[in-house]
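Participant: One structure, pasted below without further comment.
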Amino acid sequence: MSAPLEDNLKTAAIRDGAVPRIADRRAPRGKWLALLCLLPFAVFFFAFQIAPLLWVTLNSLNTADGWSLANFEKVFGSKFYLQAIKHSLQIAFWSSLFGIVIAILGSYSLRQVDSKLRDFVMAFSNMTSNFAGVPLAFAFVILLGFNGALTILLKQAGIIEDFNLYSKTGLIVLYTYFQIPLGVLLLYPAFDALREDWRESASLLGAGTWSYWRYIGLPVLTPALLGTFVILLANALGAYATVYYLTTGNFNVLPIRIAAMISGDISLDPNMASALAMVLVGLMGVITLAHQLLLRRSYHAGR
Amino acid sequence: MRAAETKRGALYHRMVVWLLFFILLLPLAATFLYSISSSWSATILPDGLTFDWYLQLWSEERFLRAFAQSLLVCLGALALAVVLILPLLFVVHYHFPKLDGLMNILILLPFAVPPVVSSVGLLQLYGSGPLAMVGTPWILIGAYFTIALPFMYRAISNNLQAINLRDLMDAAHLLGASTWKAAFLVVLPNLRKGLMVSLFLSFSFLFGEFVFANLLVGTRYETLQVYLNNMKNSSGHFNSALVISYFFFVLVFTWAATRLNREKP
């Protein structure tokens, strides 16, 4: 074990000894040229990512009578906007929860079946992760709309009275669908952390399936599960295309409200849109931050 | 006793995997069935089968134009992304490895800022004035570059770490190559796989992008997704053929990426 390490140290020492001389000779011009190569990227990234965000941040504080927090006061004082926030959070939470439960069951079973079936279903799941937005909404209208094939089938079987795809429940079902492939994609590698011999040791020590999962399986997986859940939440919170196509912008969620104030015909109000956008970015920011923290924790736990 | 239990377990896992497959397949299968049925309403199964909807779709001029425009915008965005990201990655990894940490934070921005938020700013900034781009494909190309950035950066960055950039460059330098020559003739060919995989994957989700396309450009330069949305009130069978045709392309590109990824280098 020690020989390769020594070897590495040696090559590293030789390399580090050799590199500065080469680097010194061409350092000044090379570094400037290198920085110049970064310039085009920096310009485009600023123009299309940073600048719009800066504009939104600044103008969320801009009102007809000067700079103030009035836009935000309006957001948090209005039942209509609060309902949009509430709907967004509810749909994101439930679809992420259902999505992750299905993804956990699915990816755990995927690891237990033969590789042919596994590769096939994994590949298919990866492909369906791109089946989202408008085409997905359209497919769901065919399947679960008022005259959808599945709606009629379930109605005739007497399982459901009626199903409204254009309601909150309908949207949660639809969102859950596009969360599943993403969840499987993210969770499948996480099960690597569970070693088969732990299960065997646990069962030798008298643990049943339940106590194995309760005391070993779930605690080991927790950071990965939380991390995946957080990504699913963000994925659902920002989704716009599906709900826009289904309800022509009539269902009250945050992205719909924001878009209505910049592209609608009736109520153009970019400053108010900015304030709502900042609320959405704030929610996403909290989520992204939580994800980074969890990622760091799971990284150390994995070593 | 033990063997029977394992057997039951194996059956359970197979069932779950097949169930997962059927859940994922269901919307696609229904859309496909709808696209090849002559008429289908308020019954569980269609009345008859036909390929007419596909013939109609592929001879529709507006569809073909939207399709071509989608392709152009996606390819343009990917070309821009390659031209901007490859030098960036090379410079970061070779000259300023410390910048990688900063880049890893910056590439989170496209995730943390949903397209609908960026659109608010983009519409105002480039709606008028010297940089007026709203309503043209150029603004889409720029916006799509930011969507592709995190995926391309991560994929190629992993690839760069795997090929030991510094040793390769030093070897090339020792053999008398200039930095430019070494970057183009030695490093670039070694990145081919990571680059191709990330390009295929980026293409398959850029092709389905709707938010930017609808808010920034709309019907002024109609892409496939916007066209599908605008055709909402036309025949469902026609739209089904459209969705299946679109997904077929995505399928081909995702499949190519998966195949390429599995290949041994």
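Participant: Considering only the stretch B:16-30, I want to know if a residue exists there that is surrounded by 14 or more Cβ atoms within 10 Å (Cβ to Cβ) and farther than 30 Å from A:Ala103 by Cβ.
Facilitator: No: the stretch B:16-30 contains no residue that is surrounded by 14 or more Cβ atoms within 10 Å (Cβ to Cβ) and farther than 30 Å from A:Ala103 by Cβ.
Participant: Starting from the stretch B:88-106, take each residue that is assigned to a helix (DSSP H, G or I) and list its partners that are among the polar types (S, T, N, Q) and modelled with pLDDT under 90, counting only C-beta distances under 6 angstrom and pairs at least six apart or across chains.
Facilitator: none
Participant: Could you go through the stretch A:151-172 and let me know if any residue there is crowded, with 23+ Cβ neighbours inside 10 Å, among the aliphatic types (A, V, I, L, M), under 25 Å from A:Ile231 (Cβ atoms) and in contact (Cβ under 8 Å) with a residue 24 or more places away in the chain.
Facilitator: Of the stretch A:151-172, the ones crowded, with 23+ Cβ neighbours inside 10 Å are A:171.
Of the ones still in play, those that are also among the aliphatic types (A, V, I, L, M) are A:171.
Next cut, under 25 Å from A:Ile231 (Cβ atoms) only: A:171.
Filter again for in contact (Cβ under 8 Å) with a residue 24 or more places away in the chain, leaving A:171.
The answer is yes; a qualifying residue exists.
Participant: Counting only residues that are exposed (fewer than 12 other Cβ atoms within 10 Å of the Cβ) and among the polar types (S, T, N, Q), how many does the stretch A:187-212 have?
Facilitator: Taking the stretch A:187-212 and keeping what is exposed (fewer than 12 other Cβ atoms within 10 Å of the Cβ), we get A:189, A:192, A:195-197, A:200, A:204-206, A:208, A:210.
Subset that is among the polar types (S, T, N, Q): none.
Here the count works out to 0.
Participant: In addition: Which residues, taken from the stretch B:16-70, are away from chain A (no Cβ under 13 Å), among the aliphatic types (A, V, I, L, M) and either without any contact (Cβ under 8 Å) to a residue 40 or more places away in the chain or within 27 Å of A:Ile104 (Cα to Cα) (or both)?
Facilitator: Within the stretch B:16-70, B:Leu49, B:Leu55, B:Leu64, B:Ala68 meet the criteria.
Participant: Please work out which residue is surrounded by the fewest Cβ atoms within 10 Å (Cβ to Cβ), limiting yourself to the stretch A:213-247 and to residues that are among the hydroxyl-bearing types (Ser, Thr, Tyr) and farther than 23 Å from B:Val113 by Cα. Give the steps one after another, and end with the answer.
Facilitator: Quick first cut of the stretch A:213-247, residues among the hydroxyl-bearing types (Ser, Thr, Tyr) only: A:215, A:222, A:228, A:240, A:242, A:244-245, A:247.
Those still in the list that are farther than 23 Å from B:Val113 by Cα too: A:215, A:222, A:247.
Details: A:Tyr215: 12, A:Thr222: 14, A:Thr247: 18.
Only one residue tops the list, namely A:Tyr215.
Participant: Okay, moving on. Only one of these is surrounded by 15 or more Cβ atoms within 10 Å (Cβ to Cβ), touching a residue at least 40 places away in the same chain (Cβ under 8 Å), in the same structural domain as A:Ser125 (by TED's automatic domain parsing) and not β-branched (Val, Ile, Thr): A:Gly183, A:Gly148. Name it.
Facilitator: A:Gly183
Participant: Within the stretch A:199-218, is there a residue that is under 30 Å from A:Leu276 (Cβ atoms), assigned to a helix (DSSP H, G or I) and not aromatic (Phe, Trp, Tyr)? It would help to see each step written out before you state the result.
Facilitator: Pass one, the stretch A:199-218, residues under 30 Å from A:Leu276 (Cβ atoms): none.
No, the stretch A:199-218 has no match at all.
Participant: Counting just the residues of the stretch B:57-79 that are aliphatic (A, V, I, L, M) and surrounded by fewer than 19 Cβ atoms within 10 Å (Cβ to Cβ), which one comes out farthest from B:Leu160 (Cα to Cα)?
Facilitator: B:Leu64
Participant: Find the residue count for the stretch B:83-104, including only residues that are within 8 Å of another protein chain (Cβ to nearest Cβ), surrounded by 15 or more Cβ atoms within 10 Å (Cβ to Cβ) and under 20 Å from the mean Cα position of the chain (by Cα).
Facilitator: 2
Participant: Regarding the stretch B:245-263, can at least one residue be identified that is outside any helix (DSSP H, G or I), in contact with a helix residue (DSSP H, G or I) (Cβ under 9 Å, 6 or more places away or on another chain) and within 8 Å of chain A (Cβ to nearest Cβ)?
Facilitator: Checked against the condition, which is being outside any helix (DSSP H, G or I), in contact with a helix residue (DSSP H, G or I) (Cβ under 9 Å, 6 or more places away or on another chain) and within 8 Å of chain A (Cβ to nearest Cβ), the stretch B:245-263 yields no hits at all.
Participant: Buried (at least 18 other Cβ atoms within 10 Å of the Cβ) and either at pLDDT 90 or above or within 14 Å of chain B (Cβ to nearest Cβ) (or both): which single residue out of A:Trp32, A:Trp55 fits that description?
Facilitator: Numbers: A:Trp32 fails: buried (at least 18 other Cβ atoms within 10 Å of the Cβ).
After applying the criteria, what remains is A:Trp55.
The values are calculated or read from the model by the stated rules, or taken from the named source; none is laboratory data. Small disclaimer: the values here were computed from a predicted structure and weren't measured. Neighbour counts are summed over all protein chains in view; Cβ atoms, including those assigned to glycine, are modelled from backbone coordinates with ideal geometry.
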